[in-house]
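The values are calculated or read from the model by the stated rules, or taken from the named source; none is laboratory data. Everything numeric here is computed off the predicted structure, so don't read it as measured data. Counting neighbours? That spans all protein chains shown, and the Cβs are built from the backbone with ideal geometry, glycine included.
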Amino acid sequence: MTYQKNVSLEGAEYAIKADRDIVIAGIIRAREGDIVGKMTTNAKGESQVTETYYMIDVGDGARSDQQMDIAKMDETLIRKEDGLYVGDYYLVETKAPLFYRLSEEQLKFTIHYIDDHTPILNTVSLQAEDLAKQGGVEIKKTDLSSGAALEWATIKLFDAAQKLIYTGTSYKQGRIALVGLPEGRYFYQESGAPEGYELDSTLYACEIYDDVITKCEITNKPIIVNTGLDQSNLTLYAVIVLVTMSGLTLTTYLSKRR
């Protein structure tokens, strides 16, 4: 059970970093590792570079070794609205969409002129992928009084919208285990009790977390058979039988002596 493949993901945030010093006409515009731009994917899972930031000309082409911070946008930076300077870069994810794992992949690319005679830069298209956060659940069926594991209980699992996604039976050790479940809220419910036990039809909620097995439990009460006689009646019945039997024995003995 995983997320649908090739789904467009909205809200993924990326930083564009210099893969090596960006030097233009002898001027260092960004050092290796500097963030020169940011991108966020839209509902179609797409994003374009709309503006970038670089160091201003300080005269001798030198600059401090301090990391460039585009968030401050101080007097040492210039905003470039027509894309990236020629150079080597890489894209790294800084924030993953909800329910997805942050990717550590570095997507490297180079910006260059399309040829030696045309002052036009190339267009780069990159594709990034995020893995869904996944965990698992283990549901154990036990006797309410003794805690003993119960086999042959039918359990149903529902997603956050309470749509049925799995039906299974508890086997050895009274357990049902599922893995590969996307992170989020789920519900589980017993739909068939083991023989000799009452059905617990309560709809329980549980949370699935990334790379974690969530453990849950459902308990059952044994079915008590009603004989129609309470304990006091059974005791009285036994006394009557004993007295009657004694009377028969005594009568027989006396008759013989006569």
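Has region 64-73 got any residue that is modelled with pLDDT of 90 or more, part of a loop (DSSP other than H, G, I, E, B), out of contact with any His (no Cβ under 6 Å at 6 or more places or on another chain) and crowded, with 18+ Cβ neighbours inside 10 Å?
No, that holds for no residue.
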Does any residue of region 95-111 turn out to be in a loop (DSSP other than H, G, I, E, B), buried (at least 16 other Cβ atoms within 10 Å of the Cβ) and among the polar types (S, T, N, Q)? yes
Yes or no: R29 at pLDDT below 85 and surrounded by 15 or more Cβ atoms within 10 Å (Cβ to Cβ)? no
Among the residues that make up region 129-146, is at least one of them farther than 30 Å from E217 by Cβ, outside the structural domain of E183 (by TED's automatic domain parsing) and not in a loop (DSSP other than H, G, I, E, B)? no
Is it fair to say K44 is closer than 30 Å to L181 by Cα, modelled with pLDDT of 90 or more and surrounded by fewer than 12 Cβ atoms within 10 Å (Cβ to Cβ)? yes
